[in-house]
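Report on one structure; see the data block that follows.
Please treat every number below as a calculation from the coordinates, not as lab data. Model, not experiment: these values are computed from the prediction. Positions of Cβ are backbone-derived with ideal geometry, glycine not excepted, and every protein chain shown enters the neighbour counts.
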Amino acid sequence: MTADDARADLAYVRELAESGHRAPLLGGRFLAWWGGLAACTFLIHWMIWIGVIALGPNWLGALWIGFIVIGSAGMWALDRSMRGKPGSGSIGNRAQAAIWPVIGGCLLVYFLAVVTGATTGRLDPVFFNTMLPVSFLGYAIGWLSNAIILRSVRLAVPGVISLAGMYACMLMVTTAEVYLIAAATMAASTFIPGLLMMRAEPKDVV
């Protein structure tokens with residue numbers, strides 16, 4: 001092998017690595033699904049709380065059970081649709097696949113802690129509202145981590161929106177308006193970016 005051949009091989013390897021680094025992220029459909037569903041659920045929660053929907057607070061539990069059931073069913077269907085999608089081995093998609101499930105798991109543990117505290121009388125039920133700022137803090141960590149890994153300012157924007165939503169929700173955590181703020185933040189930081197990410201996904205296996 002000559003020096004020119006070696007340089008050509010190195011250039012080819014570098015091109016492949018850079019191409020993988022720039023590969024579109026594939027998690028858009030999951031973000032759009034959960035973001036849209038959560039935003040709608042937050043809005044309905046707010047409308048029940050202030051009496052626009054005259055169901056009473058006892059329906060809030062059913063609302064969130066429905067959110068979990070519908071969300072999980074949609075997640076299963078979306079996961080099946082990912083089969084055959086190219087680019088899953090890129091650094092951005094591997095980071096996304098590692099970061100977001102960890103965030104989701106941590107938020108689940110926090111939720112279970114609040115449920116335990118509320119059902120045993122150790123915590124006031126208003127602590128359920130703290131799930132909102134804590135969740136947006138988790139989303140901010142997810143977005144900003146991906147942004148740093150991929151050196152993408154575009155990915156940092158939803159992270160900053162999530163942080164702003166976390167701040168606003170924390171200030172309003174004892175009021176009904178916290179769910180209205182959460183709905184707007186979820187739409188802007190998760191649903192819309194998820195749709196934009198879906199548009200950039202590769203359509204066929206190459």
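Value of Rg to Rh for region 38-199, rounded to two decimals, is 0.99; Kirkwood radius and Rg both from alpha-carbon coordinates. Measuring r between the beta carbons of MET47 and TRP76 and using R0 = 25 Å, the FRET efficiency lands at 0.30. Taking 0.36 nm per residue of separation and subtracting the Cα-Cα distance, what length does fully extending VAL157 through PHE111 add? Length gained, VAL157 through PHE111: 13.9 nm. Going from the residue with the fewest nearby Cβ atoms within 10 Å to the one with the most, TRP76, TRP34, TRP64, TRP49 rank TRP76, TRP64, TRP49, TRP34.
Summarising the amide proton neighbourhood of LEU123: residues at separation of 5 or more, or on other chains, whose placed amide H is nearer than 5 Å comprise ALA118.
Pairs of Cα atoms nearer than 8 Å and 6+ residues apart set the relative contact order; for region 116-171 it is 36 percent.
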